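Novice: Please see the structure below; I have some questions.
Values in this text are rule-based calculations from the coordinates and carry no lab data. What you are looking at is a predicted structure, and each value in this text was computed from that prediction instead of being measured. Cβ placement follows ideal geometry from the backbone for every residue including glycine, while neighbour counts extend to all protein chains displayed.
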Amino acid sequence: MRISEMNWMMVEEYLKRDDRALLPLGSTEQHAYLSLSVDSILAERLAVEAAESSGVPVFPVLAYGITPYFRAFPGTITLRVETYLSLLRDILDVMAEQGFKRILIVNGHGGNTPAQGLVGEWLADHPGLRVKFHNWWNAPNVWAQVEAIDPVASHASWMENFPWTRLAKIDIPREQKPMSDLDKLRRLDAKSLREYLKDGNYGGFYERDDEEMMKIWRTGVEETRALLTEEWD
C-alpha cells in the first residue's frame, strides 16, 4: 500500500490499528546501460511487494543519495553526507510524531550506509521506537542466491539488471567485463573514476537470464517481508 495511493484520513485510520511503515532509500546515479534510477526502483518496488500482504504503508522512495564518486557521469545527483542525514532525520522525526513507531528502512544504495549510524543515534533519542535498517541487496539470503548464480557480480552488472531496471532499445554487451580493482576505485576522484570504469560497470556479465533474476527477487521480497512481520523487540 503506497502512501501515494492514500489520503491523510486513510493514514490516520491505519494508525489506529498499526504503527508500522516502510521507508525505501535509493539513489540517482550511473548504472552503465541501466536506468539512473536503479537503486530507487528496486528499493521501492521491493518494499511494496514485501508489504503487500500485510497492508503496511510504503512511503515514497528517497530518490537522491550519497554518491560523490559518480559525479562525472551525467545524470548522477549526489547529496552531501550532512544534507542527507539531516533530511532523513527530519523524515523520521515527523513519522514518529504522527504515530509510526516501527519503521523498516529498505536501503537500495551502498553509499547511503552513513544513514545506518544516524538510525542508532536517532533511536537513542526516541526510546520505545524501533527502526530496522535493511540493505536488501547484500542481506544474507539474497547474497547467497547471487553467489550461487554467479559470484562475479557488482555495481551495474547483471545483478542489478531486472526487467524493471533495463531500458528499451538499449543494446547491452554480452561479454563478461573483468572485475575492477575495488581498492583502486576508492582512491580515485570522480573524473579519474569515470576514465577507469569506462561504461560504469564494476565487473561481471551485464545480463543474465530473467529466471535467475526472479530467484534473487523472490528471495529479496521474502527476506524483507520477514523483517516486517517478525518480532521487533
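Novice: Find how many whole Å separate the alpha carbon centroid of segment 89-158 from the alpha carbon centroid of segment 182-233.
Specialist: After rounding, the separation between the Cα centres reads 14 Å.
Novice: Between Met6 and Lys191, 0.36 nm times their residue separation minus their Cα-Cα distance comes to what?
Specialist: Between Met6 and Lys191, full extension yields an extra 62.3 nm.
Novice: Near the amide H of Ile66, under 5 Å away, which other amide H atoms are found, from residues 5 or more places off or on another chain, if H is placed in the peptide plane?
Specialist: Counting only residues 5 or more places away or on other chains, the set is Leu79, Asn112.
Novice: Right, another one. For each of Asp39, Asp183, Asp210, count neighbouring Cβ atoms within 10 Å of the residue's Cβ, then give the residues from fewest to most.
Specialist: Asp183, Asp210, Asp39
Novice: Another one. Which of Trp164, Gln176, Met1 sits closest to the plus end of the dipole of the chain, meaning its Cα is farthest towards the positive end, when Lys and Arg get +1 and Asp and Glu get -1 on the C-beta?
Specialist: It is Gln176.
Novice: What distance in nm separates the simple spin-label points at Ile91 and Leu123, each placed 7 Å from Cα in the Cβ direction?
Specialist: Going by the 7 Å Cα→Cβ label model, 1.8 nm.
Novice: Let me ask another. Putting +1 on Lys and Arg Cβ atoms and -1 on Asp and Glu Cβ atoms, find which of His109, Leu197, Val11 reaches farthest to the positive end of the dipole of segment 3-229.
Specialist: Going by the Cα projections, it comes out as Leu197.
Novice: Where Lys and Arg each count +1 and Asp and Glu each count -1, what net charge lies around Leu87 among other residues with Cβ under 14 Å from its Cβ?
Specialist: -1
Novice: Cross-link partners among lysines for Lys101, C-alpha distance below 16 Å, same-chain residues fewer than 8 apart left out?
Specialist: Reachable lysines: Lys16, Lys132.
Novice: Between 0 and 90 degrees, rounded to the nearest ten: what's the tilt of helix 114-124 against the longest Cα principal axis of the chain?
Specialist: Its long axis makes an angle of about 20 degrees.
Novice: Relative to the longest principal Cα axis of the chain, at what angle does helix 210-229 sit, 0 to 90 degrees, rounded to 10?
Specialist: 30
Novice: Consider the candidate values [x] 32, 20, 15; [y] 36, 26, 18; [z] 24, 22, 19; state which one is semi-axes √(5λ) of the Cα gyration tensor in Å computed from the structure displayed.
Specialist: [x]
Novice: Using the Karplus curve 6.51 cos²θ - 1.76 cosθ + 1.60 with θ = phi - 60°, what ³J(HN,Hα) values do you get for each residue of segment 70-79, in whole Hz, with x for Gly and Pro?
Specialist: Computed from phi, the couplings for segment 70-79 are 9, 4, 7, 8, x, x, 6, 10, 10, 9 Hz.
Novice: Once amide H atoms are built 1.01 Å from N in the peptide plane, which residues 5 or more positions from Phe205, or in another chain, come under 5 Å H to H?
Specialist: Placed amide hydrogens put Trp158, Lys177 under 5 Å from Phe205.
Novice: When only C-alpha pairs under 8 Å and at least 6 residues apart count, what is the relative contact order of the chain, in percent?
Specialist: Averaging sequence separation for qualifying contacts and normalising by length gives 24 percent for the chain.
Novice: Let me ask you something else. So how strong a dipole does segment 3-229 carry about its Cα centre when Lys and Arg Cβ are +1 and Asp and Glu Cβ are -1, to the nearest 20 debye?
Specialist: 340
Novice: Which of Pro68, Pro173, Pro114 ends up with the largest GNM mean-square fluctuation for the chain, with Cα atoms connected below 10 Å?
Specialist: Maximum among the listed residues: Pro173.
Novice: If each residue's Cβ is checked for other Cβ atoms within 10 Å, how do Tyr196, Tyr202 rank with the fewest at the top?
Specialist: The fewest-first ordering by Cβ neighbours comes to Tyr196, Tyr202.
Novice: Between Arg80 and Trp164, what length comes free when the chain is fully extended (0.36 nm per residue of separation minus the Cα-Cα distance, one decimal in nm)?
Specialist: Extending this stretch completely gives an extra 27.4 nm.
Novice: Take every DSSP beta bridge whose two residues both sit in the chain, then give the antiparallel share in percent to the nearest 5.
Specialist: For the chain, the DSSP antiparallel bridge percentage is about 20.
Novice: By the scheme Lys and Arg +1, Asp and Glu -1, what is the net charge of all other residues having a beta-carbon under 14 Å from that of Lys191?
Specialist: Local charge sum for Lys191: +2.
Novice: Hey, another quick one. Compute the angle between helix 140-149 and the longest alpha-carbon principal axis of the chain, please, reported from 0 to 90 degrees and rounded to the nearest 10.
Specialist: That works out to roughly 30 degrees.
Novice: With +1 assigned to the C-beta of every Lys and Arg and -1 to the C-beta of every Asp and Glu, and no other charges, what is the dipole magnitude of segment 1-58 about the Cα centre in debye, to the nearest 20?
Specialist: Computed charge dipole of segment 1-58: roughly 60 debye.
Novice: Ranked by Cβ crowding within 10 angstrom, fewest neighbours first, how are Trp164, Trp137, Trp143 ordered?
Specialist: Trp164, Trp143, Trp137
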